[in-house]
Amino acid sequence: MPTIGVFDSGFGGLTVLRELLKVLPGVDYLYFGDTARLPYGSKSAHTVAKYAISSTHFLEQQGAEMLVIACNTATALALDDIRAASSVPVIGVVEPGAKRAAELSKTGKAAVIATEATIASHAYQKALAQHGIQATEKACPLLVPLVEEGWVEHPVTEQVAHIYIDEMFRNGGQGADVLVLGCTHYPLIRPLLRRVAPPQVQIVDSAESTANQVAQQVKNCATAKTGTLRCYATDSVEKFRRLGSRFLGREIENIELIDIEK
Ligand code: DGL
C-alpha cells in the first residue's frame with residue numbers, strides 16, 4: 001500500500017481522511033493542515049497554488065507516495081499546478097464528486113455549493129459539463145465559519161443554509177436532482193442540508209466519492225496491517241487536536257507543528 005499524503009487548508013480535509021479510513025484502514029496516512037494560512041476559500045489562484053505546492057512538497061519529503069488534495073478550493077484552483085510540481089500521483093476532490101453526481105442524476109442537472117473561490121473557478125461546472133451535466137453553483141461563504149464554530153445543528157446555520165439553498169434552487173437550480181457538497185466542511189452539516197434541500201434532491205459528498213476513487217486506484221495493494229496516521233499543522237497543535245477530532249470523528253494523537261515558510 002502506498003503511503004497516502006492528504007492535504008488541506010486546515011481541519012476540513014479530515015472529513016476526506018475519515019472516508020479514506022473507512023475504505024482503506026490499512027494505509028499509512030500523512031495529513032497536512034495548513035492552519036496558519038487558512039482559509040483558502042477567499043484567496044486567489046496564485047496564492048492557493050503557492051501554498052498548496054509548498055505543503056505537498058513537504059508531504060512528499062515525508063514519504064507520501066500518493067497525494068489526495070482534500071481541499072476543494074485547492075483542487076479547483078490549483079490541481080494542474082500541484083500535479084506539475086509533484087513526482088507522485090495526485091487525486092483531487094472535484095472530479096470524483098462530479099462523476100458521482102453524473103451517475104446519480106436523472107434530470108441531467110446538478111446544484112453545487114462551495115466556497116467563494118471554488119465557485120468563481122467554475123471547476124465543478126466544467127467537470128460536470130464533461131459528464132453531460134448542467135450545473136448551477138452557489139458560494140456559501142458563511143457555512144465554513146459556522147461549522148468551525150461547532151454550530152452543526154444550530155438554528156442560525158439552518159437559516160443561513162436555507163437562504164443559500166432556496167436562492168440557488170429558485171435561480172437556475174430548478175430541475176436539479178443532485179446537490180454536490182463541494183467543500184470539506186459540509187459533510188458535518190449533511191443532516192441539516194438534507195432537511196433544507198428539496199426532498200427529491202440526492203446529496204453527493206465529494207469526500208466520500210474521492211475516498212472510493214482512491215480505494216479503486218490502490219485496490220490491488222490490499223494489506224492486513226493496521227495503518228498509521230501522522231498529522232502536521234502549520235498553527236496551534238492544541239487547536240488542531242480540538243477542532244480536528246470533530247472533523248475526523250475520533251481523537252487525534254500524532255500532531256507536529258511545522259514552519260512551512262522556513
Ligand atoms: N478546505 C476548504 C475547501 O474545501 C474550506 C476551508 C477554506 O476555505 O480553507 O474548499
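Note that the stretch 238-252 has calculated 3J(HN,Hα) couplings of 5, 5, 4, 4, 5, 6, x, 5, 5, 6, 7, x, 7, 5, 10 Hz, one per residue in order, obtained from phi through the Karplus relation 6.51 cos²θ - 1.76 cosθ + 1.60 (θ = phi - 60°); glycine and proline are x. When peptides 103-111, 64-72, 203-211, 7-15 are sorted by average Cβ neighbour count within 10 Å, with the highest value leading, the order is 7-15, 64-72, 203-211, 103-111. Taking a virtual spin label 7 Å from the Cα of V152 along the C-beta vector, which residues in the stretch 226-246 bring their backbone nitrogen under 19 Å of it? Correct set: 239-246. Across all Cα pairs in the stretch 9-67, the calculated P(r) in 5 Å bins from zero up to the longest distance comes to 4, 17, 24, 25, 18, 9, 3, 0 percent per bin. Label-to-label distance, R250 versus T226, with points set 7 angstrom from Cα along the beta-carbon direction: 0.9 nm. Once the Cβ-Cβ distance of A45 and V23 is raised to the sixth power relative to R0 = 51 Å, the FRET efficiency obtained is 0.95.
Compute the Rg to Rh ratio over the chain from the alpha carbon atoms, using the Kirkwood formula for Rh, and round to two decimal places.
In the chain, Rg relative to Rh is 0.95.
In whole Å, how far is the Cα centre of the stretch 32-105 from that of the stretch 181-220? When both Cα centres are located, 17 Å separates them.
Couplings 3J(HN,Hα) for the stretch 149-164, derived from phi with the Karplus relation 6.51 cos²θ - 1.76 cosθ + 1.60 (θ = phi - 60°), are 6, x, 8, 7, 10, 10, x, 5, 4, 5, 5, 4, 4, 4, 4, 4 Hz, where x marks Gly and Pro. Annotation: amide H-H contacts under 5 Å for D34 (H modelled 1.01 Å from N, sequence separation of 5 or more, or interchain): D8, S9, G10. Summarising the label geometry, the points placed 7 Å from Cα in the beta-carbon direction at E261 and E60 lie 2.3 nm from one another. Angle of helix 45-61 to the longest C-alpha principal axis of the chain, folded into 0 to 90 degrees and rounded to 10: 40°. Couplings 3J(HN,Hα) for the stretch 123-128, derived from phi with the Karplus relation 6.51 cos²θ - 1.76 cosθ + 1.60 (θ = phi - 60°), are 4, 5, 4, 5, 5, 5 Hz, where x marks Gly and Pro.
All of the numbers you see were taken from the coordinates with simple rules; none came from a lab. Small disclaimer: the values here were computed from a predicted structure and weren't measured. Positions of Cβ are generated from backbone atoms using ideal geometry, with glycine treated the same way; all protein chains shown enter the neighbour counts.
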